[in-house]
Amino acid sequence: MKTLIIIRPDSVLRGLVGEILTRFEKHGIRIAGLKVMQLDKEIAGRLYEIHKGKPFYDSLLNTMIESPVVIAVLDTDVLDNQSAIALVRRIVGATDPSKAEMGTIRGDFGLRIDMNIIHASDSVEAAAREIPIFFRKEELVKYKC
Ligand code: ATP
Ligand code: MG
């Protein structure tokens, strides 16, 4: 299975990239693709297209484009797709950091719902839609063991 995470601009500026990637690696989840990128409104809008029209949509896009992000495709063959995505979301924690459990990425580092550290695909379908927005097939590696 593969899923997408984006370490948001403020988290990159705060120097949290290594710490965040380590959390996934410690679970045995591997990095199949990794890039640093400055998003623009078009690409951030594609990522968050399901939120178009919501009151926080414009500020969400502005937050995502203000400085570079780190984008990773995470991979594990040990779990089925659904369990793997559920595990990644559990490591990430609830959307609102004030409600996220301590020990999750958002619970430990997040400040507010609009400063919640990281994006993670929330379903198998979302991962399949989101990964090609940022990575070509040749940019993703396959682990043999
Ligand atoms: P993400 O898609 O970023 O991983 P999520 O799946 O936990 O987050 P979504 O409901 O998809 O939550 O919201 C997308 C993003 O929009 C959130 O990460 C958050 O930054 C922002 N957001 C969601 N709800 C609100 C809100 N009520 N007010 C402000 N920002 C919000
Ligand atoms: Mg979401």
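The values are calculated or read from the model by the stated rules, or taken from the named source; none is laboratory data. Quantities reported herein were computed from a predicted structural model and do not represent experimental measurements. Cβ coordinates were reconstructed from backbone atoms using ideal geometry, including for glycine residues, and neighbour counts include every protein chain displayed. Note: areas computed on protein heavy atoms with side chains; ligands, DNA, RNA excluded. Shrake-Rupley method; radii C 1.70, N 1.55, O 1.52, S 1.80 Å.
Computed values, structure above
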quantity	calculated
The chain, accessible surface, carbon-and-sulfur percent (1.4 angstrom probe)	54
GNM result for the chain, Cα springs below 10 Å: residue of 113, 50, 31 fluctuating most strongly	50
Accessible area expressed per residue, the chain, with surrounding protein chains retained (probe 1.4 Å, Å²)	55
Ordering of 32-40, 8-16 by burial proxy (mean other Cβ atoms within 10 Å per residue, highest first)	8-16, 32-40
Dipole magnitude of the chain, debye to nearest 20 (Cβ charges: Lys/Arg +1, Asp/Glu -1, about Cα centre)	200
Positive-end extreme of charge dipole, the chain - chosen from 74, 143, 105 (charges on Cβ)	143
Contact order relative to length of the chain, as percent, for alpha carbon pairs under 8 angstrom and 6 or more apart	35
Most fluctuating residue given options 106, 89, 46, as computed from a GNM of the chain linking Cα atoms under 10 Å	46
Beta bridges per DSSP with both ends in the chain, % antiparallel, nearest 5	95
Value of relative contact order over the stretch 63-145, rounded to a whole percent, pairs C-alpha under 8 Å and six or more apart	22
Chymotrypsin sites (Phe, Trp or Tyr not before Pro) within the stretch 103-145: DSSP coil, no more than 12 neighbouring Cβ in 10 Å	143
Positive-end residue of 16, 83, 44, charge dipole of the chain with Cβ unit charges	83
